[in-house]
Amino acid sequence: MFVRVKKRKGKNYAYLVKNEWTSRGTRQKVIKYLGGVVGIEKKNPANFNVDELIKSNAEEFIKKTIQNELKSLGFTDEKNTMRFGGVEYNKRTYEIKKDGKRAVIKNNEGFICEDTIKDLLKFVKKDYKTLKKGTKTETKNFIIKNLANKFLEAGLPANENYFIILADKILSERKQEEEDKKEEEKDDENEEFYY
């Protein structure tokens, strides 16, 4: 799936679409309307703190990356939202609205919106777990490639060093989850007793 922009009455609107094969070849099917496209000129370069990356888990780092990118566009940080003009970003739901209506922010090569953010977070939290176990290098390269694509789709800055660090974090979190699961299974076996 990807974001496609259509112009209607002189305004740009974004849609989530997917390609489908038909008897007439490939066709795009609209999955969901995402909102009006908002273009905001970057005010400052995004400010990244490598120490934050190293200290954060993968999910938190992505959330901080989104917030840093929005700050570079001029958004001000409030408790649960970030605002710039009539545009508002909800930090909990990832919704973006302009003047109360759904919107997406055209940024870099992609779009910052609820769906691209959730897709990126879903990959970090869940999708990578479905990977076939290959060599560590194959798995890490697969994660890096997918992170790069999802960052670009979400309009976030692409930095290979961050992808390498994030891939290591994801693999480390995956290993820890597997070890915790084995430990729980071992504890369950030890708790069995007979009357």
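A short reminder: the numbers here are calculations on the coordinates, not readings from a lab. Every value quoted in this text rests on a predicted model; they were computed, and no experiment measured them. Please note: Cβ atoms are built from the backbone with ideal geometry, for glycine as well, and neighbour counts cover all protein chains shown.
Any idea what angle helix 114-125 forms with the longest principal axis of the chain, computed on alpha-carbon atoms, 0 to 90 degrees, nearest 10? Long axis of 114-125 versus the principal axis of the chain: about 20 degrees. Among 55-61, 102-108, the peptide with the highest mean count of other Cβ atoms within 10 Å heads the list, and the full ranking is 102-108, 55-61.
For Lys32, the amide hydrogen comes within under 5 Å of the amide hydrogens of Leu16, counting only partners 5 or more places away or on other chains and with H modelled in the peptide plane. Among the listed pairs Lys63/Lys182; Lys32/Lys181; Lys32/Lys125; Lys79/Lys140, a Cα-Cα separation exceeding 32 Å is found for Lys32/Lys181; Lys79/Lys140.
Per residue of the chain, the DSSP helices (runs of n ≥ 4 H) give a summed -39500 (n - 2.57) that works out to -14000 deg cm²/dmol at 222 nm. The C-alpha atoms of the chain define a longest principal axis, and helix 160-191 lies at about 40 degrees to it.
For Ile40, nonlocal amide neighbours, meaning residues 5 or more places apart or on other chains whose placed amide H falls under 5 Å from its own, are Lys106. By the count of neighbouring beta-carbon atoms within 10 Å, fewest first, Met82, Met1 end up ordered Met1, Met82.
Taking amide H as placed 1.01 Å from N in the peptide plane, Gly110 has its amide H under 5 Å from the amide H of Gly155, each at least 5 places away in sequence or on another chain.
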